[in-house]
Each structure stands twice: as C-alpha cells, then as structure tokens.
1. What percentages make up the Cα-Cα pair-distance distribution of the chain when the bins are 5 Å wide from 0?
2. Trypsin sites (Lys or Arg not before Pro), restricted to segment 128-163: which are DSSP loop and have at most 15 other Cβ atoms within 10 Å?
3. Which ordering of Ser51, Ser152 is given by a fewest-first count of other beta-carbon atoms within 10 Å?
4. Please identify the trypsin sites (Lys or Arg not before Pro) of segment 1-92 that satisfy two criteria: DSSP loop assignment and at most 13 other Cβ atoms within 10 Å. Which are they?
5. Test of the criteria: in segment 1-82, which chymotrypsin sites (Phe, Trp or Tyr not before Pro) are in a DSSP loop and have at most 13 other Cβ atoms within 10 angstrom of their Cβ?
6. Please give the Cα centre distance for segment 91-107 versus segment 4-46, rounded to the nearest Å.
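Any read-out appearing in this document is the output of simple, stated calculations on the displayed coordinates, not a laboratory observation. What you are looking at is a predicted structure, and each value in this text was computed from that prediction instead of being measured. Backbone-built Cβ (ideal geometry, glycine too); neighbour counts: all protein chains shown.
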Amino acid sequence: MQLRHPTHTMYDSVDLSQIPADARYIAGYVDGNWPTYETIRARWHRARVLSIAVTAAHDAECLDVELGDATPAQAPGWAWRQLARGATRPCIYASLSVMPAVIAAMSRAGLHRTVYRLWVAHYIDQQPREVPAGYGAIQWTCHARGRNLDQSLTVPGFFNARP
C-alpha cells in the first residue's frame, strides 16, 4: 500500500483540556453525556471540527456506532436522513470488528459505498503509516501525547464533505 499524502491528524477527547491548543482537526460530540462540539468550535475557531452524534436521533457529520451508542442497524436510516438534509458523504465511526456489520447494513439499505465515509477505530498504539484501504480515517490510540486523548489519521478529502 502507498501512503496517501497529505494525511491529517485529528484529535478528540471528552476532556477538552487534553486537546492540543494548536490542533487543526478535531472531532466533537453533539449529543450524549459529553456534548463538546459547540465548545470546540468556539475555542478552536480555526480548526476543522467534525461533529459526531452518538444516537441516530441526532444530526451530525458522523454517527458513533459502538456499544451504548448507535447500532449498525440504525446507521442506514441515519445516513439517509443526513443525505436528505444536504450532507455530502456522512461518516460512520465504528471499531474494526463492527465495520462489517455496518457496511452490510448500509448495503442492504441501498447505500453505495461511495456516498458515505468510514472512520475505523483500531487501537494499535503505534502511529500507522497509512489509513487502511476502504477507510477515510483510523483512530489508532486513546493515549496520544501521553494524555487521555484519541488520535486519528485521515486521508486527503476526509474533511471536504459538507455537514
């Protein structure tokens, strides 16, 4: 595999004091126990901020599909709703083990792989040289910079989708 340049580093944490002051790409939650999106947008006004919904009932650029949050079965309905409101390539976040169920559910619902992005969680705790084929981003650690901080590597164009 060839490294896709230029890649971007994206951070997220429910403890905003952990996010570097100079972060250029950040993800934040619009709902759930730690709604951080609006605060991140205000504090890091020059950063590109990716909005994440933890429930399929809320609108955002990304849906968090993991235990206690949205399910793979809820992802297609959420994605169709985002597309209907004008979003371009809504994003689904899930672990590597859950991604096959997400992709299968999206396919069954008639959502072609080209109309949505995938952000995979795969904690290897060593910065990857590339984003795995088929994904737009990989979250590879929850201890970036020795902090309680998630770090992801994204491909070019990952942030070009409209919310």
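1. Going out from 0 Å in 5 Å bins, the chain shows 2, 10, 19, 23, 23, 15, 7, 2, 0 percent.
2. Arg129
3. The most exposed by this proxy come first: Ser51, Ser152.
4. Sparse-neighbourhood loop trypsin sites (Lys or Arg not before Pro): Arg46, Arg85.
5. Sites meeting the loop and neighbour criteria: none at all.
6. Cα centroid of segment 91-107 versus Cα centroid of segment 4-46: 23 Å apart.
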